[in-house]
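K.L.:
Here it is: the structure, laid out below.
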Amino acid sequence: MAVDIPDRLPPATSVGVLGWVRRNLLCPWYNALLSAATAFLIAKAAAPFWNWAVTNATITLDPAVAKRHTGAAWGFIREMWPVFMTGIYPAEERWRPLLALCAVLAVAGLTCVRRLRGAGWLRALWLTTPVLVFACIRGGGITGLPEVGTHYWGGLMLTLLLSVVAMVAAFPVSVLLALGRTSDMPVARPFCVAYIELVRGVPLITILFMASVVLPLFLPSDLDLDKVLRAMAGITMFFSAYLAENIRGGLQGLSRGQYEAADALGMGYWTKMRVVILPQALRIVIPPMVNNFIGILKDTSLVGIVGLVDLLQVAFATTSNPKWFGRLAEAYTFIAFWYWVLCYGLSGCSRYLERRIPSAGK
Amino acid sequence: MLGGFLWLAASMYRNTLENLRTRGIGSGFGFLRSEAGFRIGEVTGLPLPQGGFLYFLLSLAAGLLLSRLVARRLAPGRGGPLPGKGLAACLALSVGLPLLVLYAFRHSVEIVRYSESSSYLVALATGLANTFKVAALGCAGSTVLGLLVALGRLSPNWLLGTLCRWYVELNRNLPVLLQLFFWYFIVLRGLPGVAQSIDLGGWLVLNNRGLFLPALVPREGAWLFCGAVAAALCGVWVVLRRSRRMWEETGRPGRRALPGALLLLGLPALAWLAGGTPFSLDFPVLQGFNYKGGTGLTPEFTALVVGLTVYISAFNAEIIRAGIESVSRGQREAARALAMNERQVMRVVILPQAMRVIVPPLTSEYLAVVKNSSLAVGIGYPDFVSVGGTILNQSGQAVEIVGIWMGVFLCISLCISFCMNVYNARIALVER
Amino acid sequence: MRSVFITLAAAGILALSSLAQAGTLQDVRKNGFLKCGTHIENPGFSALDANGQRIGFDVDFCRAVAAAINVPEVKYTPLTSKERLPALQSGEIDLLSRTTTYTMSRDANMGLDFTNITLYDGQGLMVRKSSGITSARQLDGATVCLQTGSTTELNVADYFRRNGMNYTPVVFDKQPDVRAAYDAGRCDVHTTDVSGLAAQRSLMKNPEEHVILPELISKEPLGPVVRHGDNQWGDIVRWTVWLTMAAEEYGVTAENADKLFAESPDPEIQRMLGKTGTLWQDLGLDAGAPVRVLKLVGNYGQIFGRNLGPGTPVNLPRGYNEQWTKGGLIYAPPFR
């Protein structure tokens, strides 16, 4: 006779919240010690920050009131917000960068609509946006807007412009460099190898110094580029070498069969590259390329050293203002927040793409 | 295409020459010999490769070469252990000989310290030495910190794992210059002034001028003492080797602890007794504006090293974690099945395989440390780029200075890549 | 180089390149603007006012030269001290007016020409009041914060060497960094030209806690700089600056320039203002140039008073920068 033994539940200590805590934090004994030490560390670091940033903070626009509190004066950020965004861009023209940003966001939003993707007019829109953004922000010429020279550009706007231009401009250059390095052309190959290795071997800051100090000596005396453009050229030069190495990885990651099949179909070099090789190779290297873009975004902060006022340098400009003097901690926190959100967003994007793109056939 | 390149290069060259000529700018590297005239905040002594130092280098090279020849002669097959006599000869040649030479020429070793009347060349070399100091500490520190963070992320402890993950995410996504400014301008502000410095009886003084520790001042017996320490280290190595061989031959390790400890303590102690006190301590003392004496770490140096270490450690942690995770689970299980304990599993099975994955990306992070050390210019540490920038301004020789910058960094990068490639080749999978 | 080429081509398409010829004057006339290098931010010398316009002592001389040539616009290029000389050498700017010290090596070896001395300055030292220092001789062993890439660095080195004193420099690329480090207590001494030091003090957290020592440790004759080899251009800058100095001597101001041009019986003033003679035409300008300049920026005394004098944050006494007739060093050659 079968005796019906009731199912015994697992002990309360091994399921539910308690079980999780036990498994992940307390067992074995040294794990509990580790947890305690970590918790202590977190509390020790986070509590003062929380007190400073939230509990004792103020958001008033009046510096006198803010001074009476020991915490952060977020009113400084509130008041200086436009300066952080656009630097010394003239106040009455600030709607223009905003308009440009809206335009870019609108185009990006349209692209996200699946049905519209691939439409011819959308591509045309993508091609014209950079020109429109440039014309809108700089003004002058046929736009009829008052001209705002590049040395008025600053803040987050300059950081974004520098990195986006560098990303867009570095891409074709790096494709050419990667193709040159993997080809067997007599002069182009050694040249590409030398270029890539040279640029990867030196710090960005020396390239920026070169762009800002030496480059004008190399050019004919009648050609003259302004500082922002030269910084853009320097960053583009620098990152095209890194990007080229990524793309070369993609080119080498394709199986030989792809090359041979394309040859067998009687394709010429450029057709082969355009139709068969590059589409596949670029798809493999999208995640590392996005990582490179994060690098560009972070490294644009170096342009401050050659005298441009980007997001990071705005911290100094705004904190020398007698009204909000010396609020460096607030400024850095705010700037760090922006960089972090942008970079983390990009890396999230890279992870998403990594999951979505099937690795090309090896 | 070829023609295009050549034309471009030629026209750039022509432009430069023409620009330099029309603007009356002198060119060439002759300016490097003229007097610098400015002062550098942190001066590292440079051993001048002439006189005694040159003999030392020569003897070191000769010693290494000879000992290698001896080793080849005595143990022609690869990997075979050297017989005791050969080993002694090798050690004497590669360690003893250079030390003896250094001792013999100790009075003619020239250490150049930069001063205002030195040449631009010495100024640049001093900057380069400062860069090396930062880069070496940054590489070592970021590896150790990265390893700790990676182990933290791999630990089963949820809290620690999460903390380490956020450490990585935070540091990876913030520009290194921002981090340097943070360490320098925010942390520096938090430190007390000179008059209110934290002073632990002179053993450690901390204020907003930096961290001061007692310095070792070599005295008469220092040479003997250093020689004894070197000899003791060699002796310990021999002892360990012997013990290992005995383990392999008989399955029972030879004695290690006692002879090792005896050597390590006894030899230096003997030297101390024979040669007198080798070092005296120089304590930092508040004098006038600042603490004098002792060894000081300036805030600039500390901020740069800490900033670089923390920034790069986040990348290193990810690399090391990926490396360890890349070793398949089966390897670990197989090792356990062979009754290895956790330490052996890690040391004998996991790490050697993980290293193959870790080393190539770690190389580029080391390169990044060297290259990012050039950001010193932002926080006032006199590194190679910063000193070069000053010279650029004083002499106006922009093309030459930028050329020197690039050339030197390129050499450093190539050297590091070369070393790491050699190491990589040694640990790479050997197909048998 | 390929990327350089492509970037350059792109830049060219952006229509930011301009073609130019040998003579600076012709270039400026053709462009329609003067390219002038100034400070990024140095109160009293070059700063932005509430409307985003550049104002300051150095800026006024740029405007004066632009008025003399009769071009409507000045394009300012803000430069760090490291970039300023290469920027002029490379032709990025036509005129450098950025508190640049006249020294022999700069004149002789770097392809530059100094035109005038617009300000007789000297390097000063600022310390905390609480340190109790009253003289520069007490500074042995001090830590000094300073900006790199200028004569400042060499002067300090020379001064301490000359007096057998020791010091530790902490060197930054930009003045705000120097200020931040000194204000945070990193250094005992902040040093730069006296004119700049007063402005720096006004930007400290607690300006009244700092004191400028009485000694000047160097001579700092500051003035505009042009490229070597274009003599006509150098002459134009030189005589435009002298015009403002002479105008103060003869009592010509922005307000009465038109009136004196019409009515003054003094032959020197008539020649100076271009009513008689062909002095300005010989220089390649037109006879209306001097009155235009004076009406725009005023005479030297007015420029000084507006930007550096009492009532401004810099609050610099005239001192050596008084007219020679009043015991100063400001002395313009005759307009004859």
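K.L.:
Checking the condition surrounded by fewer than 21 Cβ atoms within 10 Å (Cβ to Cβ), out of contact with any Phe, Trp or Tyr (no Cβ under 9 Å at 6 or more places or on another chain) and in contact (Cβ under 8 Å) with a residue 12 or more places away in the chain, which residue from A:329, A:262, A:281, A:231 passes?
P.N.:
Of the residues listed, the single one that is surrounded by fewer than 21 Cβ atoms within 10 Å (Cβ to Cβ), out of contact with any Phe, Trp or Tyr (no Cβ under 9 Å at 6 or more places or on another chain) and in contact (Cβ under 8 Å) with a residue 12 or more places away in the chain is A:262.
K.L.:
Can you pull out the residues in the stretch C:80-94 that are more than 8 Å from chain A (Cβ to nearest Cβ) and in a helix (DSSP H, G or I)?
P.N.:
Scanning the stretch C:80-94 gives C:81, C:84, C:85, C:88.
K.L.:
Sticking with this structure for a sec: Just to be sure, is residue A:217 within 12 Å of chain C (Cβ to nearest Cβ), in a helix (DSSP H, G or I), touching a helix residue (DSSP H, G or I) at 6+ places or on another chain (Cβ under 7 Å) and under 16 Å from residue B:8 (Cβ atoms)?
P.N.:
The answer is yes for residue A:217.
K.L.:
Out of (1) buried (at least 20 other Cβ atoms within 10 Å of the Cβ); (2) away from every other protein chain (no Cβ under 14 Å); (3) within 27 Å of residue C:153 (Cα to Cα), what's the single condition that is false for residue B:134?
P.N.:
Going through (1) buried (at least 20 other Cβ atoms within 10 Å of the Cβ); (2) away from every other protein chain (no Cβ under 14 Å); (3) within 27 Å of residue C:153 (Cα to Cα) one by one, residue B:134 breaks only (2).
K.L.:
Which ones in the stretch C:139-176 are at pLDDT below 85, closer than 21 Å to residue A:306 by Cβ and not small (Gly, Ala, Ser)?
P.N.:
The answer is C:148, C:173, C:174, C:175, C:176.
K.L.:
When residues of the stretch B:263-289 are filtered for being within 18 Å of residue C:186 (Cβ to Cβ) and surrounded by fewer than 20 Cβ atoms within 10 Å (Cβ to Cβ), how many remain?
P.N.:
Number of matching residues: 2.
K.L.:
Here's a follow-up. Scan C:321, C:299, C:315 and give me the residue that is among the polar types (S, T, N, Q) and over 30 Å from residue C:191 (Cβ atoms).
P.N.:
Exactly one of C:321, C:299, C:315 is among the polar types (S, T, N, Q) and over 30 Å from residue C:191 (Cβ atoms), namely C:299.
K.L.:
Select from the stretch A:35-60 the residues that are in contact with a Gly (Cβ under 9 Å, 6 or more places away or on another chain) and part of a helix (DSSP H, G or I) and write down the one among them that is surrounded by the most Cβ atoms within 10 Å (Cβ to Cβ).
P.N.:
Among residues in the stretch A:35-60 that are in contact with a Gly (Cβ under 9 Å, 6 or more places away or on another chain) and part of a helix (DSSP H, G or I), the one surrounded by the most Cβ atoms within 10 Å (Cβ to Cβ) is A:38.
K.L.:
Exactly one of these conditions fails for residue A:71: (1) outside any helix (DSSP H, G or I); (2) closer than 28 Å to residue B:153 by Cα. Give me its number.
P.N.:
(2)
K.L.:
Considering only residues that are part of a helix (DSSP H, G or I), surrounded by 17 or more Cβ atoms within 10 Å (Cβ to Cβ) and not polar (S, T, N, Q), which ones fall in the stretch A:80-100?
P.N.:
Residues satisfying the conditions are A:80, A:83, A:84, A:85, A:93, A:96, A:97, A:100.
K.L.:
Another question about this same structure. Any idea which residue in the stretch A:96-133 is modelled with the highest pLDDT, counting only those that are over 20 Å from the mean Cα position of the chain (by Cα) and of a type in the set (Gly, Ala, Ser)?
P.N.:
A:124
K.L.:
Continuing with this model, one more query. In contact (Cβ under 8 Å) with a residue 24 or more places away in the chain, among the β-branched types (Val, Ile, Thr) and out of contact with any Phe, Trp or Tyr (no Cβ under 9 Å at 6 or more places or on another chain): which single residue out of B:238, B:285 fits that description?
P.N.:
B:238
K.L.:
Inspect all residues belonging to the stretch C:238-256 and state whether any of them is in contact with a Lys or Arg (Cβ under 7 Å, 6 or more places away or on another chain) and in the same structural domain as residue C:273 (by TED's automatic domain parsing).
P.N.:
Within the stretch C:238-256, one or more residues are in contact with a Lys or Arg (Cβ under 7 Å, 6 or more places away or on another chain) and in the same structural domain as residue C:273 (by TED's automatic domain parsing).
K.L.:
Of these, C:234, C:229, C:196, which one is out of contact with any Cys (no Cβ under 7 Å at 6 or more places or on another chain), under 30 Å from residue C:333 (Cα atoms), modelled with pLDDT under 90 and in a helix (DSSP H, G or I)?
P.N.:
It is C:196.
K.L.:
Can you give me the number of residues within the stretch B:393-403 that are closer than 15 Å to residue B:27 by Cβ, touching a Phe, Trp or Tyr at 6+ places or on another chain (Cβ under 8 Å) and either within 8 Å of another protein chain (Cβ to nearest Cβ) or assigned to a helix (DSSP H, G or I) (or both)?
P.N.:
3
K.L.:
Also, quick follow-up: Any residue at all in the stretch C:125-142 that's of a type in the set (Asp, Glu) and either in contact (Cβ under 8 Å) with a residue 40 or more places away in the chain or within 14 Å of chain A (Cβ to nearest Cβ) (or both)?
P.N.:
no
K.L.:
Check residue C:279 against each of (1) surrounded by 17 or more Cβ atoms within 10 Å (Cβ to Cβ); (2) more than 21 Å from residue C:70 (Cα to Cα) and name the one condition it does not meet.
P.N.:
(2)
K.L.:
Residues that are out of contact with any His (no Cβ under 8 Å at 6 or more places or on another chain), touching a residue at least 24 places away in the same chain (Cβ under 8 Å) and aromatic (Phe, Trp, Tyr): find the helices (runs of 4 or more DSSP H) completely inside the stretch B:36-155 holding 1 or more of those.
P.N.:
Here the list reads B:52-74, B:97-104, B:120-154.
K.L.:
Among the numbered conditions (1) closer than 19 Å to residue A:332 by Cα; (2) touching a residue at least 12 places away in the same chain (Cβ under 8 Å), tell me where residue A:47 comes up short.
P.N.:
Single failed check for residue A:47: (2).
K.L.:
Among the candidates A:297, A:312, which residue alone is within 11 Å of chain B (Cβ to nearest Cβ), buried (at least 16 other Cβ atoms within 10 Å of the Cβ) and modelled with pLDDT of 90 or more?
P.N.:
Matching residue, one of A:297, A:312: A:297.
K.L.:
Another question about this same structure. Exactly one condition in (1) in contact with a helix residue (DSSP H, G or I) (Cβ under 8 Å, 6 or more places away or on another chain); (2) modelled with pLDDT of 90 or more is not met by residue C:313; state its number.
P.N.:
(2)
K.L.:
Filter the stretch C:19-58 down to the residues that are surrounded by 14 or more Cβ atoms within 10 Å (Cβ to Cβ), over 16 Å from the mean Cα position of the chain (by Cα) and within 9 Å of chain A (Cβ to nearest Cβ), then identify the one that is modelled with the highest pLDDT.
P.N.:
C:27
K.L.:
I need the full set of residues from the stretch B:158-167 which are within 11 Å of chain A (Cβ to nearest Cβ) and surrounded by fewer than 22 Cβ atoms within 10 Å (Cβ to Cβ), in order please.
P.N.:
Result: B:158, B:159, B:161, B:162, B:163, B:166, B:167.
K.L.:
A follow-up question, please. Which one of these does residue B:277 not meet: (1) outside any helix (DSSP H, G or I); (2) in contact (Cβ under 8 Å) with a residue 60 or more places away in the chain?
P.N.:
Status for residue B:277: all satisfied but (2).
Rundown of residues vs (1) in contact (Cβ under 8 Å) with a residue 40 or more places away in the chain; (2) crowded, with 18+ Cβ neighbours inside 10 Å; (3) touching a Pro at 6+ places or on another chain (Cβ under 6 Å), yes/no style:
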| residue | (1), (2), (3) |
| --- | --- |
| B:351 | no, no, no |
| B:354 | no, yes, no |
| B:360 | yes, no, no |
| B:366 | yes, yes, no |
| B:370 | yes, yes, no |
| B:373 | yes, yes, no |
| B:378 | yes, yes, no |
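The rows are residues; the columns are (1) more than 10 Å from chain C (Cβ to nearest Cβ); (2) buried (at least 20 other Cβ atoms within 10 Å of the Cβ).
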| site | (1), (2) |
| --- | --- |
| A:167 | yes, no |
| A:179 | yes, yes |
| A:189 | yes, no |
| A:212 | no, yes |
| A:237 | no, yes |
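K.L.:
Can you pull out the residues in the stretch C:50-79 that are part of a loop (DSSP other than H, G, I, E, B) and at negative phi?
P.N.:
C:50, C:51, C:53, C:71, C:72
The values are calculated or read from the model by the stated rules, or taken from the named source; none is laboratory data. Keep in mind that this is a model prediction, so the values were computed, not measured. Here the Cβ is made from the backbone with ideal geometry for all residues, glycine too, and neighbour counts use every protein chain on show.
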